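Q: There's a structure below that I have some questions on.
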Amino acid sequence: MSSSAQTTIVRGRFLDIQSLVQQAQQIPEQVRYLEDGVLISENGKIKWFGTWQDAQPHLPENIEIQHYPEQLIVPGFIDTHIHYPQTEMVGAYGEQLLSWLNTYTFPTELQFKDPAYAQNIAQFFVQELLKNGTTTALVFCTVHPESVDALFEAAERIQMRLIAGKVLMDRHAPDGLCDTPQSAYDESKNLIEKWHAKGRALYAITPRFAPTSTPEQLEKAGQLKQEYPDVYVHTHLSENKDEIAWVKSLYPEQKSYLDVYHHYGLTGQRSVFAHCVHLEQEEWQCMHQTDSAIAFCPTSNLFLGSGLFPLKKTWEQGVKVGLGTDIGAGTSFSLLQTVNEAYKVQQLQGDKLSAYEALYHATIGGAKALDLQDQLGNFNVGKEADFVVLNLKATALQSLRQSRVKSIDDALFALFTMGDDRNIEATYIYGQCAYQKTE
C-alpha cells in the first residue's frame with residue numbers, strides 16, 4: 001500500500017449514523033443518507049463530507065475520483081470480540097464452552113509459540129477481516145508474546161486500527177499455555193511499551209476468563225491497568241451457566257462473576273466483556289456505573305448453546321454494547337452474518353432489531369463500546385477514514401430482492417439478512433483501498 005500522505009476522493013451513496021444516542025428509538029432521526037455524496041480524505045482522516053453538488057469547490061484538481069454509483073458506502077465495521085488464533089478451527093463440532101476449550105481451542109493455540117506460524121495465521125486473519133468489511137477489531141491473541149507481535153505487524157502494514165493483547169492464563173490449561181502472575185505482568189508490560197498507541201495499534205490486558213487466572217494473576221492484571229490507565233481490558237464474562245458456577249466455586253468471596261473482575265480493578269471505560277448472556281441485575285448496574293462495555297456475539301452464543309443475549313436491556317440499563325464475531329466459536333467473520341443472527345436472537349425473545357439499530361451497533365455504537373467514538377464510527381469530518389463499499393446485489397436472489405425494496409432501510413435490512421463477504425466490494429483503511437473484490 002502507498003503511504004497515506006495523500007488525498008483520496010470517493011463518490012457514491014453514503015449511509016451512516018451521525019451521532020451517539022441514548023435509546024434505540026432515537027436512531028432513525030440520526031440517520032444520514034446521501035444519494036450522491038463525496039468523501040474527501042487526507043492523510044487518513046476525513047477532510048470533507050457532503051453532497052456532490054456542495055463538493056465542487058472542495059475538489060482538488062488532477063485527482064482521480066473513485067466512483068461507486070451502484071453501491072452503498074458505510075463506515076467500516078467494528079468487531080468488538082474475536083480470537084485470531086482460532087481462525088483455523090472455526091466450525092468445530094458438538095461441544096459447549098468448557099469442553100470446547102479443552103477439545104479444540106487449547107491444542108490449536110499451542111502452535112502459536114512458533115513466530116512463523118503466528119505470522120502466517122495473522123496475515124490470513126487480517127485479510128479475512130478486510131474481505132468482510134471489518135476495519136477495526138478487538139482481538140484475543142494467545143499466551144505467547146510472539147502471537148501479539150505477529151498480529152500487530154500484519155495490521156501495521158496497512159495502517160489498520162487493531163486492539164489486541166497477550167492472553168493471561170496461569171491455571172486450568174495445558175502447561176504449554178500457562179504463564180505465571182509475574183511473567184504475565186512482565187510480558188504484557190513489554191508489549192504495552194512496544195505497541196500501545198504506536199501508529200494505530202492499541203493494547204488490551206487480556207485475562208482469558210476468571211477460571212484460568214489465579215487471584216494473584218488478576219491482581220497483577222489490575223496493577224498493569226493502574227500503571228497504564230489508557231490501555232484496554234478484554235475478557236469473557238457470563239457466557240455459560242456451568243462457567244458461572246465454576247467461577248463462584250473458585251472465587252466464593254466475591255458477590256458475582258463480574259465482581260471478581262471489579263474487585264481487581266478490571267472494570268471501566270476501556271473494559272470490554274464478551275458475551276454477558278446471563279448477567280444478574282447487580283452486574284448490569286456495575287457495568288453501567290463503571291462505564292464498561294459488552295461484546296454481543298450471537299453466532300457464538302447460538303453455536304455453543306450458551307443462551308440468548310437480551311440486547312434491549314443494554315438500552316434500558318445504559319450499558320455500552322458492540323457486536324463480536326467471536327471467531328472461532330462464532331461461525332463467520334462477517335458482521336453482516338452476525339447481525340443476521342443477532343436479529344434472530346432478539347426475535348426468539350419477542351424483540352426486534354431494526355436495520356438502522358443494527359448499523360448503529362456495527363459502526364458508531366461499536367466505536368463507543370471501544371471508547372473510540374471520537375475517532376471512528378461515522379463520516380464526521382476529522383475522523384479516521386475507514387469505510388466499506390457494499391454491493392447490495394451480489395447474488396441473483398439479492399438482486400431480485402433489492403429490485404423490490406421500498407426504502408433505504410428496507411434495502412439495508414435485506415442486506416443484513418442475506419449478506420456476507422460476497423457483498424464487500426472494497427474496504428478502505430485510513431483513506432486507502434486495502435481490499436478490492438476481484439470478479
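Q: Could you tell me which numbered condition Arg422 fails, if it satisfies all but one of (1) open to solvent by 40 Å² or more (accessible area, probe 1.4 Å); (2) assigned to a helix (DSSP H, G or I); (3) farther than 30 Å from Glu42 by Cα?
A: Arg422 satisfies all of (1) open to solvent by 40 Å² or more (accessible area, probe 1.4 Å); (2) assigned to a helix (DSSP H, G or I); (3) farther than 30 Å from Glu42 by Cα except (3).
Q: With the checklist (1) open to solvent by less than 40 Å² (accessible area, probe 1.4 Å); (2) assigned to a helix (DSSP H, G or I); (3) under 26 Å from Lys344 (Cβ atoms) in hand, flag the one item Val277 doesn't pass.
A: (2)
Q: Now a separate question. So how many residues does segment 165-208 have that are open to solvent by less than 10 Å² (accessible area, probe 1.4 Å) and more than 17 Å from Val231 (Cα to Cα)?
A: Result for segment 165-208: 2.
Q: Provide a single number: the residues in segment 307-341 that are closer than 22 Å to Thr108 by Cβ, small (Gly, Ala, Ser) and open to solvent by 10 Å² or more (accessible area, probe 1.4 Å).
A: Qualifying residue count, segment 307-341: 1.
Q: Looking at segment 128-157 only, could you name the residues that are among the aromatic types (Phe, Trp, Tyr) and not in a strand (DSSP E or B)? Full working, then the answer.
A: So the first thing to find is which residues in segment 128-157 are among the aromatic types (Phe, Trp, Tyr), and the list is 140, 152.
The answer is Phe152, and nothing else.
Q: So the check is Cβ under 6 Å with 6+ separation or different chains; which pairs have a first residue in segment 285-303 that's at pLDDT 95 or above and a second one that's basic (Lys, Arg)?
A: Close Cβ pairs satisfying both conditions: Ala293/Lys320.
Each row is one residue, and each column tells you yes or no for (1) in a loop (DSSP other than H, G, I, E, B); (2) open to solvent by 50 Å² or more (accessible area, probe 1.4 Å).
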{"site": "Val345", "(1), (2)": "no, no"}
{"site": "Leu353", "(1), (2)": "yes, no"}
{"site": "Lys368", "(1), (2)": "no, yes"}
{"site": "Asp374", "(1), (2)": "yes, yes"}
{"site": "Phe379", "(1), (2)": "yes, no"}
{"site": "Ser399", "(1), (2)": "no, no"}
{"site": "Leu412", "(1), (2)": "no, no"}
{"site": "Thr417", "(1), (2)": "no, yes"}
{"site": "Tyr428", "(1), (2)": "no, no"}
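Rundown of residues vs (1) touching a strand residue (DSSP E or B) at 6+ places or on another chain (Cβ under 7 Å); (2) of a type in the set (Gly, Ala, Ser); (3) exposed (fewer than 15 other Cβ atoms within 10 Å of the Cβ); (4) in the same structural domain as Leu177 (by the TED database), yes/no style:
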| site | (1), (2), (3), (4) |
| --- | --- |
| Leu20 | no, no, no, no |
| Ile27 | yes, no, no, no |
| Glu64 | no, no, yes, no |
| Gln71 | yes, no, no, no |
| Thr87 | no, no, no, yes |
| Tyr93 | no, no, yes, yes |
| Lys113 | no, no, no, yes |
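Q: Taking His81, is it open to solvent by 60 Å² or more (accessible area, probe 1.4 Å), modelled with pLDDT of 95 or more and either under 21 Å from Val381 (Cβ atoms) or not aromatic (Phe, Trp, Tyr) (or both)? I'd like the intermediate steps shown before the answer.
A: On the way: open to solvent by 60 Å² or more (accessible area, probe 1.4 Å): no; modelled with pLDDT of 95 or more: yes; either under 21 Å from Val381 (Cβ atoms) or not aromatic (Phe, Trp, Tyr) (or both): yes.
No.
The values are calculated or read from the model by the stated rules, or taken from the named source; none is laboratory data. The shown structure was predicted, so the numbers you read here are calculated from the model rather than taken from an experiment. A quick note on method: Cβ atoms are made from the backbone with ideal geometry, for glycine too, and the neighbour counts reach across all protein chains shown. Accessible surface is based on the protein model in full, side chains and every heavy atom, while ligands, DNA and RNA are left aside. Shrake-Rupley method; radii C 1.70, N 1.55, O 1.52, S 1.80 Å.
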